[in-house]
1. So the label point goes 7 Å from the Cα of GLN39 along Cα→C-beta, right? Which residues of region 85-115 then have their backbone N under 19 Å from it?
2. What accessible area per residue, rounded to a whole number of Å², is obtained for the chain using a probe radius of 1.4 Å?
3. Ignoring any ligand, DNA or RNA, what whole percent of the accessible area of the chain comes from carbon and sulfur when the probe is 1.4 angstrom?
4. Binned at 10 Å from 0, what are the whole-percent values of the Cα-Cα distance distribution for region 1-59, short to long?
5. Using the reciprocal of the averaged 1/r over all distinct C-alpha pairs, how large is the Kirkwood radius of region 37-153 in Å?
6. Under 24 Å between C-alpha atoms is the cut-off here; go through region 12-153 and count lysine pairs that meet it, provided they're at least eight residues apart or on different chains.
7. For the chain, find the longest principal axis of its Cα atoms and tell me its angle to the long axis of helix 13-39, 0 to 90°, nearest 10.
8. Can you compute the helix-only [θ] at 222 nm over the chain? Use -39500 (n - 2.57) per DSSP H run of at least 4 residues, normalise by all residues, nearest 500 deg cm²/dmol.
Amino acid sequence: MDRTVRVKLNTTPEQAYALKETLASFTNAFNAVCEYGWQNTERNGVRLHHETYYPIKAQYPSLVSDLIIQARVKATETIKSAFTRQKQGRAVSQPYSQLCAARYNLHTYKVYWPKAEVSLSTTQGRMRISFTVPPYALRYIGNPTATADLLYR
C-alpha cells in the first residue's frame with residue numbers, strides 16, 4: 001500500500017529560487033502541451049510527446065528531460081479528462097495552470113531518510129535539500145519512495 005507523506009523542505013534562498021524557477025518552467029511545459037492538445041484535439045500521449053518535446057526542450061533547456069516528460073504526462077491526463085467531460089456535455093475550456101505541481105520520479109529525486117534530505121533535479125542542477133517530517137508521519141521514515149509532487153505554498 002502506498003502512503004502519501006507531506007514534508008516541508010528547509011530551503012536556503014538560493015534553493016527556494018531554483019525550485020520556483022523549476023516550477024515555473026514545469027508549468028509552462030504543462031501549459032504548452034495542454035494548448036497543443038486542445039487546439040489539435042489530441043489526447044494520445046505518444047503523439048503529444050512527438051509534437052511537443054523538442055519545441056519545449058528548446059524553449060526551456062535548463063529543465064531536465066524527465067521533468068518535461070512528466071509535464072507532458074500530467075498534461076495528457078488533464079486533456080483526456082477535459083475531453084471526457086466535454087463528451088458528457090459539460091462546459092469545459094482549454095486546461096491551464098498558473099502554478100502546476102511538478103511531478104518527480106525515480107530519475108529526478110531521491111530521498112535520504114537518515115539525513116532527512118532529498119536530492120531534486122532543478123533548472124540549476126541537482127540540489128540536496130533538508131526536510132522536516134511531521135510527527136504523524138514519523139512511522140513511515142525509511143519506507144521506499146515512488147513519486148513526489150513539488151508544491152509551493
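The values are calculated or read from the model by the stated rules, or taken from the named source; none is laboratory data. Please read these numbers as outputs of a predicted model, since none were measured by experiment. Glycine also receives a Cβ, built like all others from the backbone with ideal geometry; neighbour counts cover every protein chain displayed. Areas reflect the complete protein model, heavy atoms only, side chains present, ligands, DNA and RNA absent. Shrake-Rupley method; radii C 1.70, N 1.55, O 1.52, S 1.80 Å.
1. Residues 93-98 qualify, since their backbone N sits under 19 Å from the label point.
2. So the chain comes to 61 Å² accessible per residue, rounded to a whole number.
3. Its accessible area is 52 percent carbon and sulfur atoms.
4. Bin by bin from 0 Å, the calculated values are 19, 34, 25, 22, 1.
5. One decimal place: 16.5 Å for the Kirkwood radius.
6. Lysine pair count for region 12-153: 9.
7. Rounded to the nearest ten degrees, it is 20.
8. On the way: 3 runs with 65 residues, N = 153.
One gets -15000 deg cm²/dmol as the mean residue ellipticity at 222 nm.
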